[in-house]
Amino acid sequence: MKTIGNERRINRENSRPPWGWVASVSITLGALLLAAHAAAQPVLTVAGYGGSYQAGMTSTLIPEFEKTCKCKVNYIGGPTATTVARLIAEKDRPSLDVAIIDDGPQARVAAMGLIAPLDPTKVTNLVDVFKVGRLPGDVGVWLGVTAMGLTYNTKYFSEHGMAPPTSWNDLARPDLKGKVAYPSIATALGIAWLVMEAKANGGSESNIDPGFIAIIKVKDNALMFDKTADLAPLYQQGTIVAGAMANHRTGVLAKQGFPVAFVYPKEGAVASVQTVSVVKGGPQPELAQSFVNFLLSPSTQELLANTVYAGPLNRKAKLSDETRKIVVTSADLDKLVPLDWKTVTDNLGGWTERWNKEIESR
């Protein structure tokens with residue numbers, strides 16, 4: 001038999017909403033709040049290198065920046081040419097905030113007025129950047145640097161009683177016949193080699209004839225490659241024992257146990273520079289300045305050196321002995337030769353045509 005008290009208790013229980021419904025409402029409200037919070041966060045758009053560089057950025061560096069910036073970072077990976085094309089196409093209404101690109105193309109877009117000066121009150125780490133890394137008017141800055149010089153097989157040279165190379169001209173030595181790798185002019189390494197061969201023989205970017213004459217002498221010694229990724233297998237197979245190569249690629253090979261060493265030629269090694277710039281008129285100018293400052297911090301510079309082997313430009317960055325064997329260090333900076341990229345860009349079409357006729361067709 002029911003009592004009045006029982007009826008009241010049952011009615012009260014029936015009047016309570018089901019717990020599943022409450023949980024569902026809570027989850028929905030939470031999702032809406034999170035979505036609203038995310039929508040309220042500014043988005044910083046960064047264009048830079050793809051591949052392992054992008055992986056390092058998105059897996060480690062960007063999450064660290066997002067912890068403090070109260071923002072989201074949209075990283076767009078791809079080659080420098082793609083980023084530059086986008087900067088030019090969007091010059092009147094840019095969608096990018098930060099561009100990480102090679103130094104030659106950076107000089108080009110800076111000259112076009114597409115890059116904003118860095119604000120030293122916001123990019124406070126600028127004061128610790130080596131002088132060589134500071135660009136005119138602080139319109140961008142070097143982020144990292146590698147060296148394009150000479151690599152040789154130490155075991156082969158030792159077994160054959162050969163002296164290690166010390167000059168760009170050494171690639172034409174008779175004892176290296178058929179064992180030299182030389183890059184196509186379609187690569188940055190090929191352009192660097194042509195210019196440095198010119199400089200080693202009294203020429204320059206504006207007097208390239210000595211470079212072509214020198215390379216013609218090397219051609220009979222050499223095996224041409226179109227992609228720098230092809231170099232490691234050629235060294236590993238013993239097909240080549242010397243040639244133009246980047247220091248970090250040599251260092252990685254040596255770390256894997258191959259008997260190779262990098263040489264800074266007496267005429268200098270070409271500085272292969274990664275720059276970072278704030279895009280003029282970008283949607284998030286304040287965040288862009290903060291991001292550049294973050295990239296120039298000692299801890300970030302150390303991480304870039306350890307992950308993508310970019311030589312640090314912040315004088316306070318500290319490197320392990322193992323990393324120092326692979327990257328450009330502060331002691332190496334005076335061995336680097338920056339290219340006159342304006343002259344290179346202005347003449348590259350003619351150089352390429354001449355290369356095809358005088359080098360590749362021979």
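Each listed q (0.11, 0.18 Å⁻¹) maps to a log10 I(q)/I(0) for region 273-362, found by the Debye formula over equal Cα scatterers with no solvent: -0.54, -0.90. Per-residue SASA remark: Met112, around 90 Å² accessible (1.4 Å probe; ligands, DNA and RNA not included). Surface composition of the chain: carbon plus sulfur atoms hold 55% of the accessible area, using a 1.4 angstrom probe and ignoring ligands, DNA and RNA. Modelled spin labels at Thr187 and Thr154, positioned 7 Å past Cα toward Cβ, are 2.3 nm from each other.
Close amide-amide hydrogen proximity is noted between Ser272 and Thr146, Ala147, Met148, each under 5 Å apart and 5 or more residues distant or on a separate chain (H modeled in the peptide plane; Pro and chain starts excluded).
Database remark: amide H of Tyr49 closer than 5 angstrom to the amide H of Gly78 (H placed geometrically; neighbours at sequence offset of 5 or more, or on other chains; Pro and chain starts carry no H). When the listed pairs Lys91/Lys357; Lys131/Lys177; Lys131/Lys199; Lys91/Lys255; Lys91/Lys122; Lys255/Lys316 are checked against a 32 Å cut-off, the alpha-carbon distance exceeds it for Lys91/Lys357; Lys131/Lys177; Lys91/Lys255. Of the labelled figures (1) 16.7; (2) 19.0; (3) 27.6, only one reflects mean projected area of the Cα convex hull in nm² as derived from the coordinates, namely (3). Length gained on full extension, Met112 to Lys342: 81.6 nm, using 0.36 nm per residue less the C-alpha separation. Summarising the strand pairing of the chain, around 65 percent of its internal DSSP beta bridges are antiparallel.
Rounded to whole numbers, the Karplus 3J(HN,Hα) couplings from phi for region 308-325 are 10, 6, 8, x, x, 10, 7, 5, 8, 5, 10, 10, 6, 4, 5, 5, 4, 6 Hz, using 6.51 cos²θ - 1.76 cosθ + 1.60 with θ = phi - 60°, and x at Gly and Pro. Ordered by solvent-accessible area of protein heavy atoms (1.4 Å probe), largest first, the residues His248, His160 come out as His160, His248. Label sites at Arg93 and Lys318, each approximated as a point 7 angstrom past Cα along Cα to Cβ, lie 5.0 nm apart.
Working out 0.36 nm times the residue gap between Ala163 and Gln256, then minus their Cα-Cα distance, what length gain in nm do you get to one decimal?
Computed gain between Ala163 and Gln256 is 31.1 nm.
Taking all protein chains into account, the per residue accessible area for region 157-259 stands at 40 Å² (1.4 Å probe). Each residue of region 274-288 is assigned a 3J(HN,Hα), and the resulting list reads 9, 10, 10, 9, 8, 6, 5, x, x, x, 10, x, 5, 5, 4 Hz, derived from the Karplus form 6.51 cos²θ - 1.76 cosθ + 1.60 (θ = phi - 60°), x at Gly and Pro.
With a cut-off of 20 Å on the backbone N, the residues of region 133-173 near the modelled label site 7 Å out from Glu64 along Cα-Cβ are 141-146.
Here the 3J(HN,Hα) profile of region 129-135, calculated from phi with Karplus coefficients 6.51, -1.76 and 1.60 at θ = phi - 60°, is 7, 3, 3, 4, x, 8, 8 Hz, Gly and Pro shown as x. A 1.4 Å probe over all protein chains sorts Leu333, Leu295 by accessible area into Leu333, Leu295, starting with the largest. May I ask you to list the residues of region 292-306 whose amide nitrogen lies under 16 Å from a point 7 Å from Cα along the Cα→beta-carbon direction of Thr124? Answer for this model: 292-300.
Length available on full extension from Leu223 to Asp138: 0.36 nm per residue minus the Cα-Cα distance, which gives 26.5 nm. Reported to the nearest whole Å, the Cα centre-to-centre distance from region 97-173 to region 176-219 is 19.
The values are calculated or read from the model by the stated rules, or taken from the named source; none is laboratory data. Given the structure is predicted, the values throughout are model-derived calculations rather than measurements. All Cβ positions, glycine included, derive from the backbone under ideal geometry; neighbour counts span all protein chains shown. With ligands, DNA and RNA removed, areas are computed over all heavy atoms of the protein, side chains included. Shrake-Rupley method; radii C 1.70, N 1.55, O 1.52, S 1.80 Å.
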